Amino acid sequence: MNRRSRMLEALGVSTEWTLRGAQPSAEQVDDVAVVEPPIEAEALAAAVAAEPAPGRVEMPPAEIGIPAAGGGAETAIPRAQRIAAFGWTELEAAVSNCTSCKLCERRTNTVFGVGDRQADWMLIGEAPGENEDKQGEPFVGQAGKLLDSMLRAVGLSRQPGEGKGVFIANVLKCRPPGNRDPEPDEVAMCDPYLKRQIALVKPRIIVVLGRVAAQNLLQTQTPVSKLRGKVHEVEGVPVVVTYHPAYLLRTLTDKARAWEDLCLARKVYAEHGGQ
Ligand code: URA
């Protein structure tokens, strides 16, 4: 058995994917018809997904490294660097198989993100809640309904064909138990996924929803009330911060401020070539 086969077996994925050229069993046929990405990309994604956070090491890093380009010697390329080279298929596979932090133990579904993958607008929230964990889609509860109306008010929609497209993602892809705040190690393991999503979408404007997302993304302790009304930057993309829709459901008086924030975002978007 070669090294890659050993790694796939160790990760428990060898029965889910069929190597090119191999005959799938009858039960595998449906899976194979749907999951067709090249095995190299899938294997890389699975290796990254299964890479444990420091303190959860179950396998030496060298075992999950990838071969150095062109050379026989094998190098453990840092996890974030490998994720930064993923396309959508590998990134999605890596997220859905991720066991890099403890949140994987209690999740029902990972929540990758939704919407137009070439959108000019990207929205970033905190983490999946109960409904999102069940459905595998961000912002599907009451807060999501409010978010959809806010988007509609500025001509945006997550639904194809209903307005200008948006891509919606969260800082964390798995639900923290009881909706507690994300812990630093969880954010650290998920951050490369979000950064790669930003790089692949290439939005002209990012709107960050709420304190937790804003403070983690902007690496600050400043409250939302002081972050909003200004233009920040992440990965070279202008960022506008606004209140979290769940907060707005409880604090109706701040809805007017959220509207101002969306207007600011629209202005910045136009200044960056958006129409
Ligand atoms: N709150 C968030 O920040 N994200 C979701 O997906 C749902 C609720």
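Summary of computed values
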{"item": "Failed item, numbered, when VAL187 is tested on (1) without any contact (Cβ under 8 Å) to a residue 12 or more places away in the chain; (2) under 28 Å from PRO78 (Cα atoms); (3) in a helix (DSSP H, G or I); (4) β-branched (Val, Ile, Thr)", "result": "(1)"}
{"item": "Counted residues, region 111-166 - those being away from the ligand (no atom under 16 Å from the Cβ), open to solvent by 20 Å² or more (accessible area, probe 1.4 Å), small (Gly, Ala, Ser) and part of a loop (DSSP other than H, G, I, E, B)", "result": "3"}
{"item": "Contacts under 8 angstrom Cβ, first residue in region 245-256 being among the β-branched types (Val, Ile, Thr), partner surrounded by 13 or more Cβ atoms within 10 Å (Cβ to Cβ), 6 or more apart", "result": "THR251/TYR243"}
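The values are calculated or read from the model by the stated rules, or taken from the named source; none is laboratory data. Computed from a predicted model, the values in this text were never measured in an experiment. Don't worry about glycine lacking a Cβ; one is built from the backbone with ideal geometry, like all the others, and counts go over all protein chains shown. Calculation scope for accessible area: heavy atoms of the full protein, side chains included, ligands and nucleic acids excluded. Shrake-Rupley method; radii C 1.70, N 1.55, O 1.52, S 1.80 Å.
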